[in-house]
Structure formats: C-alpha cells, structure tokens
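Please read the structure below before turning to the comments.
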Amino acid sequence: MHQKLKINGDRFLVDLEALREFGKQGTGVIRPAFSPADIDSRRWLAEKFEDCGLTPRWDPAANLFGMPSQPGKPILIGSHSDSQPQGGWLDGAYGVVLALEVARTCQEAGGPPVAVVSFQDEESAFMPLTGSCFFSGKLSRDALYDLTNAAGQRYGDLASALSDLEEPETLTPGLFSAFLEAHIEQGPVLDQAGEIIGVVETIVGSRQFEVTIKGQQNHAGTTPMALRRDAVTGFSAFITNLEERFKEIATPRSVWTIGRVDVHPNAPSIVPGELNCSVQIRDGSSPQLDAMCEMIHKAAAQTAVERNLDISLLETKAVAPVDMDDGIVEQFCEAAESTAPGAWRRMPSGALHDAMNLAPQLPTGMIFVPSIGGISHAFEEDTQREHLVAGVQVMANTVARLAHQLGESG
Ligand SMILES: [Zn+2]
C-alpha cells in the first residue's frame, strides 16, 4: 500500500494569495520575468522553501529549485511564477504553490522526496519557455545569456542581478526521477463540462505558414471585374476552400487560425495586388498535422487556378506534439477518480507548457484544473477555490503512488 498524503488546503490558499500580492494589479498580476515583482516573488518563494526544510537553489537561468532533505532521487514538481505583461493570478503560480504544498506535506510525512521548481520566463519575455529550455539542455548558457527582451535588456545581465544568492550550481534533469506540472486549463472544456480535473495526454503541436497571394494591382474604376486578379477576393476564396477541406478531416481537437492579414497597397481605389497572411494549425497528432498541411497546399493550388493568382506557401514554424508518460497518465487518472469521481477527463493541452521541455528528459505528466469561463492571460482569470485544492490533493495522491512504484522498480 502506498501511504496517504493529506495536503493542507487552507495553508495552500494562503500562500497562493500571498504570491498574488507580488505585482498585483486589480484581480490580476503584472510580473514578467526579472521585473522587480518577479524578483521579489522569487526571494519570497526561496524563504517559503527554507521555512519547510527545502533548500533553495538557483541555476544560471534563475530557475529556482527547492530541494528536499530526504535521501533518494526526488520527484520534481512545478511550473512558472512569471506572468504575461498583463496576466492572471493563477497562470503558472498555481502550479508552483501547489508544488510547494505537496513538497511541504511530504517533508512533514518524512517522504517521499519531492523537489519544487519555478522556471524563469515561461511567458516569453525572452523566448517561449526560456527557463525550462535551459534546464532541459535545449539552450546553452551562452545562447541564454545573449537573449534580449523588448526593452533591450540582456538575460545574462538580469540573471546576474540575483548574484548575491547562492553561487549557481548546475542542476540537471538527471537529479530527478520524474517531472509533474499542474496548471489552470486556460480554456473552457472542464468548466463547461462541470468537471474538476483534466489529465493531459499530449501537448499539441503546431505548424505555421506564411501565405503570399499575388495578383495584379490596378485601377479600381477602370478594370472590369472579369479581368481582375484581385488578391483580396482571392483570399476570400482561399479561406472557403480551406475550410471545406479542413471540415473533411478535422477532429474535434483540430484548430486553425488565420490571425494576421496584410493587404497591399491597402488603398480604397486600388485593386489589391498582393496579400500576405499567416495560417496556423494545431493538433495533438503528427499525422493529423501532416494531413492538414496537405489540405493547405491543395486549397492554395485550387484557389490559384480558380482565380488566376500566384499563391506561395512558406512553412515558418513547426512544433511537434509531445506525449506525456503513459504510466504517469494512468496514475493521475486513478488519483483523479478517487478525489473527483466521474468529474475528470483525459485531454490534450492546447497551450505550451514547461512540461513539453521536460518530457524528452524525464517521465513527465501534467494535470489541469478548470478556468472559470475559460478565461486566461487576462485579469479576470480565476478558478473555484475547491477546484484549486482538489488539484493539490490529486497531485499529492499521484506522488504517493508514483513514489511507491519508483521504489518498487528502483
Ligand atoms: Zn502558464
């Protein structure tokens, strides 16, 4: 039998509200990486670690770890505590304070060993998932330190502002036995279904194209309709062709977005000669992404013929889907069923998370709790308090199961 770990929900909520005070703005937070609020919150978190017997350690990226006192390879739990330039109070912060509560509970119970991490700059002030890119080995220290933010500040200079802290030691994924992350869903699925826990099976991948539609710029008064090569009406036809093809193959989890459009020369009396736009697709399955890419190419070719236009596609971004560890997914499912019977589901993550970077290095798993109204990256972001606490208990139960399993196999 694995031991029961009973978390303290009230204590967890007090700490979560305390973290909210750093950079608090109305109901939300403004706490981008290396802002004064971010640095103060990291120092606060390091103190919380010490209070419960975890040793604070900083790596060269200013990722903050709390290392347990018990012997053995710890399970690493965490997320990020930096925010978007205008962020909600739970995005990332929930997963960090949850990890603190689970680790603290384990410290009090005499094990299993659990370490906590707050990755730096998950929210892309420098690049997406910056801190976990460094920790997982995707990004070298030199490349990391040369990154600059929108204000032109170097990562290396900002990280050295924390140099009064313990001399950075090299912390690597090899020190840990698994990585677990909890996060708010940031979408409407759980909230609309009245469910409490989402067990993530896959973090979806994406592909992005730059589409250029070229026609003939001309006079809007003298060019007969039949002789026009109009990039904007061609764009409209392209969208129609694309949607028809996507509908043939899309699953409920496939999404596509044309989020940016530039028309040239963008003047009322000129038949537009050129249009550039982005097309982005996301799905949890690589074959499905391939099939959707094929549809984009076919829709472009079809439209070019129908409208006598030149249409070119340039793939500008490709991120592969990342599967979570099957064994951890099963453990999360069992823990979710015991804490929230019948009120949980398996689901993909449509957003990027630090767990993506850890998955190639460590057995990795992730859970969601609902976002009220599906709202995130906004000050209104919120979650029912009992749902927040349920997520902590599911994580603690999973740690107990996993530690038992790792102990048996190791
Ligand atoms: Zn986040």
Task: Flag if residue 233 is in the same structural domain as residue 347 (by TED's automatic domain parsing) and not basic (Lys, Arg) - done: no
TODO: Among the candidates 91, 38, single out the residue that is in contact (Cβ under 8 Å) with a residue 24 or more places away in the chain and assigned to a helix (DSSP H, G or I).
DONE: 38
TODO: Would you please name the residue that is nearest to the ligand (Cβ to nearest atom), looking only at residues in the range 180-203 that are touching a helix residue (DSSP H, G or I) at 6+ places or on another chain (Cβ under 9 Å) and either among the hydroxyl-bearing types (Ser, Thr, Tyr) or in a loop (DSSP other than H, G, I, E, B) (or both)?
DONE: 186
Open item on the list: I'm trying to understand the selection: among the residues of the range 102-121, which are within 16 Å of the ligand (Cβ to nearest atom) and at pLDDT below 95?
Closed with: none
Task: Within the range 204-237, tally of residues that are part of a helix (DSSP H, G or I), open to solvent by less than 50 Å² (accessible area, probe 1.4 Å) and either of a type in the set (A, V, I, L, M) or at pLDDT below 95 (or both) - done: 2
Task: Members of the range 365-393 that are away from the ligand (no atom under 15 Å from the Cβ) and within 14 Å of the chain's Cα centre (by Cα) - done: 365
- [ ] State whether the residues of the range 163-174 include one that is within 16 Å of the ligand (Cβ to nearest atom) and either aromatic (Phe, Trp, Tyr) or over 16 Å from the mean Cα position of the chain (by Cα) (or both).
- [x] no
Open item on the list: From the list 69, 83, exactly one residue is in contact with an Asp or Glu (Cβ under 8 Å, 6 or more places away or on another chain) and either open to solvent by 10 Å² or more (accessible area, probe 1.4 Å) or within 23 Å of residue 376 (Cβ to Cβ) (or both). Which is it?
Closed with: 83
TODO: Could you please let me know if residue 41 is among the polar types (S, T, N, Q), out of contact with any Ser or Thr (no Cβ under 8 Å at 6 or more places or on another chain) and either farther than 22 Å from residue 390 by Cβ or not assigned by TED's automatic domain parsing to the domain that holds residue 381 (or both)?
DONE: no
- [ ] Being within 14 Å of the chain's Cα centre (by Cα) and farther than 24 Å from residue 365 by Cβ narrows it down to one of 153, 120, 84, so name that one.
- [x] 84
Open item on the list: Whether any residue in the range 308-322 is over 25 Å from the mean Cα position of the chain (by Cα) and of a type in the set (S, T, N, Q) is what I want to check.
Closed with: yes
Open item on the list: Given the criteria more than 16 Å from the ligand (Cβ to nearest atom), in a strand (DSSP E or B) and not charged (D, E, K, R), does residue 60 qualify?
Closed with: no
Task: Within the range 293-410, strands (runs of 3 or more DSSP E) holding 1 or more residues that are in the same structural domain as residue 273 (by TED's automatic domain parsing) - done: 310-319
Open item on the list: Can you pull out every residue in the range 44-55 that is open to solvent by 20 Å² or more (accessible area, probe 1.4 Å) and in contact (Cβ under 8 Å) with a residue 12 or more places away in the chain?
Closed with: 44, 48, 52, 53, 55
Open item on the list: So for the range 285-304 (the condition being of a type in the set (Gly, Ala, Ser), in contact with a helix residue (DSSP H, G or I) (Cβ under 6 Å, 6 or more places away or on another chain) and within 24 Å of residue 205 (Cα to Cα)), does at least one residue qualify?
Closed with: yes
TODO: Report yes if residue 186 is assigned by TED's automatic domain parsing to the domain that holds residue 351, among the polar types (S, T, N, Q) and within 18 Å of the chain's Cα centre (by Cα), otherwise no.
DONE: yes
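The values are calculated or read from the model by the stated rules, or taken from the named source; none is laboratory data. Worth saying up front: this structure is predicted, and the values here are computed from it rather than measured. No Cβ is skipped: glycine too gets one built from the backbone with ideal geometry, and neighbour counts run over all protein chains shown. The protein model used for the area step is the full one, side chains on, heavy atoms only, and it has no ligands, DNA or RNA in it. Shrake-Rupley method; radii C 1.70, N 1.55, O 1.52, S 1.80 Å.
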